[in-house]
Amino acid sequence: MSGDVRTFAPVTSPPAALAARRPGSFTRFLGRRDVMPTLLLMPVLIFFIVWNVIPTLWLLGLGFYRFSLTSGRPPRWTGLYNYTSIINDAGVWADLSRTFVFVILAVGIETLLGMALGLLFWNSQRLPGRRVALTMLFAPMVLTPVASGTFWRLIYDPVFGVLNSIIRAFGFQAVSFLQEASTAFGAVLAVDIWMWTPFMVLMTLAALASVPKAELEAAEIDRLPWHQRLRLVVLYHGKFILMLGILLRTIDAFKTMDLIYDMTYGGPGSTTQLVAMTLYRRAFEAFNMGWSSALAVILLLISIAFTATFIFVLHWRERRAEAA
Amino acid sequence: MKTGWRQHVYHAVLWLVALIFFAPVLWIVLSSFKTADQILAVPPKLIFRPTFANYVRLFSGQGFLHQLFNSFFLSISAVLIAVAVSFLAAFSFSRFRPAGTNFLMFLLLSIRMLPGSAAILPVYLMYVGFGWKDSYYGMILFYAMFSIPFSVWILKGFIDGVSPRFDETGVVNGASWLRIIFRTILPQVMPGVIAASIFNFIFVWNEFLFDYIIGGIRTSNIPVALSTGLYSNGGVDWTFISALTTTYILPPILAVYFFQRYLLVGMTFGTVRGEV
């Protein structure tokens, strides 16, 4: 039996096809080598220019003006005033350093925990109901952050929250996690860790999958101790994917906003105010557009630096693959 | 080799880990079937008679249905536009490598890496200037723009994986470029198209800040309504909120279940491929 074999498209012999087609002038126009690439790119370029290039230029320009939407006065040129005022603003520096502490703690813990759990899940191929289990494990990172923030607020609630019920059951005092200056940062950090550790598990599993089987078997035959196996075989091959994961997570943690907005709104005081939230409050509460534009430009430069690092790592692997 | 009870213990541990991560979600799902008294009971009740009153109330509210429609409408239309446009661009980037390809790909990615409030600020000023605020086309086009970088990155990776010999064969046999793109390349990169669509959908579905700032009453989606406390009359109505969140997080969870193969590609901009 030959079975039901399908081809993609009816294949006519070349001469017949050429004879049947009499290219019109438009087809000939499309056939020119330089036209097609530009034409295909055009829609994306239009999107890019209208929604990125123009707004970004606007942003760059506005950074040099004093412009408040609420004052009703036209923008006034102030030169570098906004930038110097940001640099001299102790609040901004505090928020920036808080953001970096948040990023380092969150990404560090998520990476360590994620790698540990990823190694644990390495041999899970024959786990009964694996797909459901992995869905449950990976769910936190795709959930709507606002929804996660909302229901964590209920869990953290000092009176009705399930967490405080557990704490009271052990005989301790209830804690209003999100309302107290000493606990709010940790509470938000914990939610971020809950949300994003699964991502590092995913990346660890991907990294482990990229390790050649033969080398693992060789290491097993050689009876390499586990830490050497990890360092010499697994990390050697998997470090690239892990690095991409850590970078993506760093960039994402730097942007954290929805969660904060929903859980603490930067409070109490400014203990959970990360820099994205600072910008939000200065731009859309105080409507201080000139100052905010300058801060946005600074954040843009930071993100470009992150992206450049990401691309560098990406190409570094390609170069290494070519050299090998 | 692990056999017998050791394997069982191992599997039990794995399930335990998965359950720990899912526990907060389960708690909300449970809460959504409780009455107001049960939800606020101290100590919390694990066993109770489920009620569907919260869902009945949820789906009979006009505001909710309108915002749910917005969530669906905005995400689906933005994704359709973004994926279609990005596929063409990705093909061009992959095959013709026009001057500045690397630079453009870099710029596209850095937009996605920018904190949301910095990205939306100039667009907000522009929309206020043009009067595009709170309009469906303004929202859809902006979301499409924000989904493009991700889609271009994913799709370019996939098209790079298809040998140019397919194009050459097509050219030799007299096929037009459009025919080559849509009949030869597209079927082979379908996984990429699916991954890009799913993850852009989840992104727009979950998005809150942009909708809040450049949208308005007409175009606000569920996350906006949820975080601006549209549903709280005085105190927070936890039964309503938990029914709402349970409904809203269902699509992303189902997406992870049904498209688990694409999770890795989707979470890494297509830079890491494979399955877990």
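Any read-out appearing in this document is the output of simple, stated calculations on the displayed coordinates, not a laboratory observation. Here the structure is a predicted model, which is why all the values come from computation and not from measurement. As a convention, Cβ positions derive from the backbone with ideal geometry for all residues, glycine included, and neighbour counts pool all protein chains shown.
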Quiz item: Which of the listed residues, B:Ala255, B:Ser151, A:Ile304, is farthest toward the dipole's positive end in the protein assembly as shown, when Lys, Arg count +1 and Asp, Glu count -1 at the beta-carbon?
Solution: B:Ser151
Exercise. Please give the contour-minus-distance gain from A:Tyr265 to A:Ala308: 0.36 nm per residue of separation, less the Cα-Cα distance, rounded to one decimal in nm.
Key: 12.4 nm
Quiz item: Highest mean first, what order results for A:143-153, A:249-259 on Cβ atoms within 10 Å?
Solution: A:143-153, A:249-259
Exercise. Rounded to the nearest 0.05, what FRET efficiency do A:Thr84 and B:Leu46 give with R0 = 56 Å and r taken as the Cβ-Cβ distance? Could you check?
Key: 0.45
Quiz prompt | Cα pair count fraction exceeding 17 Å, expressed as % - the range A:128-201 | solution = 53 percent
Quiz item: Across the residues of A:125-134, average count of Cβ atoms on other protein chains within 10 Å?
Solution: 5
Practice problem: Let me know the Rg and Dmax you get for chain A when you use only its Cα atoms, in Å. | Solution: 27.2, 89
Quiz item: Which is farthest toward the positive dipole end of the protein assembly as shown among B:Phe130, B:Ile213, A:Ala321, measuring Cα position about the Cα centre, with Cβ charges +1 (Lys, Arg) and -1 (Asp, Glu)?
Solution: A:Ala321
Quiz prompt | Relative counts (whole %) of C-alpha pair distances in the protein assembly as shown, using bins that are 10 Å wide | solution = 3, 15, 24, 25, 18, 10, 4, 1, 0
Practice problem: Please sort B:104-113, B:149-158, A:168-177 by packing, taking for each peptide the average over its residues of neighbouring beta carbons within 10 angstrom, highest first. | Solution: B:149-158, B:104-113, A:168-177
Quiz item: In nm, to one decimal, how far is the A:Leu39 label point from the B:Leu186 one, both placed 7 Å along Cα→Cβ?
Solution: 1.6 nm
Quiz item: Cα centroids of the range A:73-99 and the range B:113-152: how far apart, whole angstrom?
Solution: 24 Å
Quiz item: Where the only charges are on Cβ atoms (+1 Lys, Arg; -1 Asp, Glu), what is the dipole of the range A:116-259 about its Cα centre, to the nearest 20 debye?
Solution: 300 debye
Practice problem: Would you mind calculating the gained length between B:Ile20 and B:Phe73 on full extension (0.36 nm times residue separation, minus the Cα-Cα distance), in nm to one decimal? | Solution: 15.7 nm
Exercise. Could you work out the local net charge near B:Pro149, counting Lys and Arg as +1, Asp and Glu as -1, over the other residues with Cβ closer than 12 Å to its Cβ?
Key: +2
Quiz item: Which value, in debye to the nearest 20, gives the size of the charge dipole of the protein assembly as shown about its Cα centre, when Lys and Arg are +1 and Asp and Glu are -1 at the Cβ?
Solution: 1140 debye
Quiz prompt | Contour excess over end-to-end distance, with Cα ends at A:Ser210 and A:Ala190 and 0.36 nm allotted per residue | solution = 4.2 nm
Practice problem: Starting from the amide H of A:Arg66, placed 1.01 Å from N in the peptide plane, find each other amide H under 5 Å away whose residue is 5 or more places distant or on another chain. | Solution: A:Arg76, A:Trp77, A:Thr78
Exercise. Please average, across the residues of A:149-157, the number of beta carbons from any other chain that are within 10 Å of each residue's own beta carbon, and give a whole number.
Key: 6
Exercise. For chain B, return all DSSP H helices satisfying: extent of Cα atoms along own axis at least 18 Å; mean Kyte-Doolittle hydropathy at least 0.5.
Key: B:5-31, B:62-95, B:116-130, B:136-160, B:190-206, B:238-258
Quiz item: On average, how many beta carbons from a partner chain sit within 10 Å of the beta carbon of a residue in A:116-122?
Solution: 2
Quiz item: Highest GNM mean-square fluctuation, chain A, Cα pairs closer than 10 Å: which of A:Pro140, A:Pro268, A:Pro128?
Solution: A:Pro128
Quiz item: For B:Ser163 and A:Ala116, what is the calculated FRET efficiency with R₀ set at 41 Å and r taken between the beta-carbons, to the nearest 0.05?
Solution: 0.55
Quiz item: Beyond 34 Å, what share of the Cα-Cα pairs of chain B remains, rounded to the nearest whole percent?
Solution: 36 percent
Quiz item: How big is the range A:243-324 by the Kirkwood estimate over distinct Cα pairs, in Å?
Solution: 14.7 Å
Quiz item: Peptides A:304-311, A:85-92: what's the order by average Cβ count within 10 Å, highest mean first?
Solution: A:304-311, A:85-92
